[in-house]
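The values are calculated or read from the model by the stated rules, or taken from the named source; none is laboratory data. Model, not experiment: these values are computed from the prediction. Don't worry about glycine lacking a Cβ; one is built from the backbone with ideal geometry, like all the others, and counts go over all protein chains shown.
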Amino acid sequence: MAGVGSAWSFWKTLKEVSPNVIEEEAEAPFRLALTGEAGQTARLRDVLLTAKATPGERLNADEHLTVLADPPDAETAKLFAFILYAGDAGETIGARGPNSVPVVGLPDDVAAGMIAQRPDLAVALARRFPLFRVPASNRLINDTARVNANFALLSALPGVIPVVGVLLPASSVADTLLLTKNQIMLIMRLAAAHGQKPGYTRQIKELLGTIASALGWRTLARELVGFVPAGIGAALKGTIAYSGTFALGRAALWYYQTGRVPSPREIREIYKNKMGDAKKEVAALRQEKK
C-alpha cells in the first residue's frame, strides 16, 4: 500500500506542477536593442549568443533583437527590455537610462546584472541567448533554495516538512524521493532555460533518481521530524532544505550544461560545500522574522 500512496502523491504533485506555466515564462515576449556602429552591434550579438549557440538559436536570435545606429529616445526605449551598447569602463546598468546596459567587463557579470533587474525574464532570456543560462540558473537556484528554507522555518508542527512523496517510475516502487513542488518546478525551469521541454522527461527522472540516491532524502526527513528539539529542528530543517535544493539545482544545471548526470559523490560534495552558506542564509531568515 505504501507504493500506491507514493504513486498517488507523485501524480498529484505533477498535476499541480503545470509545464504550461513554465513554458509561458520561457516564451515571454521581449526585445533587446543593440546600439552603435555595425561592427559594435555585431560583436554585441556574438556576446549574447556565445560560441555555444546552436544554428537554430543563431537563426532565431533576430526575432528578439533590434539594431539601432543611435540610442533611442525615452519613449522608444520603453519598447525594449534592455538597450545594450559598448560602454565605457566603470559604467553600470542604468547609466544612460533605466534599461540601458553598457557591455563592459565580464559578459557573465553583465548578464547577471540584467537578470537581477528583470528576474521575470530570466527563463526567456536564457532560452534565447546562451550568455544568460548560467546567471539565470544561479538566480533560479538561489531563489528557490531560499524560498524552501523559509518554508521549512515556517513549518511549526513537528511532523510538518515542506516535502511530498514522489514515486520515481524509472525505478522500483520502493524507490521514492521526497521532493518539493518548488524543486520540481526549479528543474523544469532550468530545462526551459536551456532550450528543452519543461516536462517530466526521462532525463529528469534519471536526474532525480541519482539525487535521491546521493542525498538520502528519506533518512534526512525522518531525522528532521523525529529526533531534534523544536527550536534546533527549525534551523536544521531550513539548512537542509536550502542545501538540498541548492544541490539539486546545481546537479540539474551540471546536466543541462554538460549532458552528463553528476555522480552521487559529486552531488554529495555540492551539498556538503553549501552547508556553511545555508546556515548563514537560514540565520538571516530567522533574524528577519524577529
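What the table shows:
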{"quantity": "Test: residue in region 257-273 that is touching a residue at least 24 places away in the same chain (Cβ under 8 Å), within 22 Å of Arg127 (Cα to Cα) and not β-branched (Val, Ile, Thr)", "calculated": "yes"}
{"quantity": "Single unsatisfied condition, Trp8 versus (1) assigned to a loop (DSSP other than H, G, I, E, B); (2) aromatic (Phe, Trp, Tyr); (3) at pLDDT below 95", "calculated": "(1)"}
{"quantity": "Yes/no for Arg128 being outside the structural domain of Ala252 (by TED's automatic domain parsing), under 22 Å from Gln257 (Cβ atoms) and surrounded by 13 or more Cβ atoms within 10 Å (Cβ to Cβ)", "calculated": "yes"}
{"quantity": "Selection from region 262-290 of residues that are basic (Lys, Arg) and either within 24 Å of Gln203 (Cα to Cα) or in a helix (DSSP H, G or I) (or both)", "calculated": "Arg265, Arg268, Lys272, Lys274, Lys279, Lys280, Arg286"}
{"quantity": "Lone qualifier among Tyr242, Tyr271, Tyr255 - being touching a helix residue (DSSP H, G or I) at 6+ places or on another chain (Cβ under 6 Å), under 12 Å from Arg146 (Cα atoms) and of a type outside the set (A, V, I, L, M, F, W, C)", "calculated": "Tyr242"}
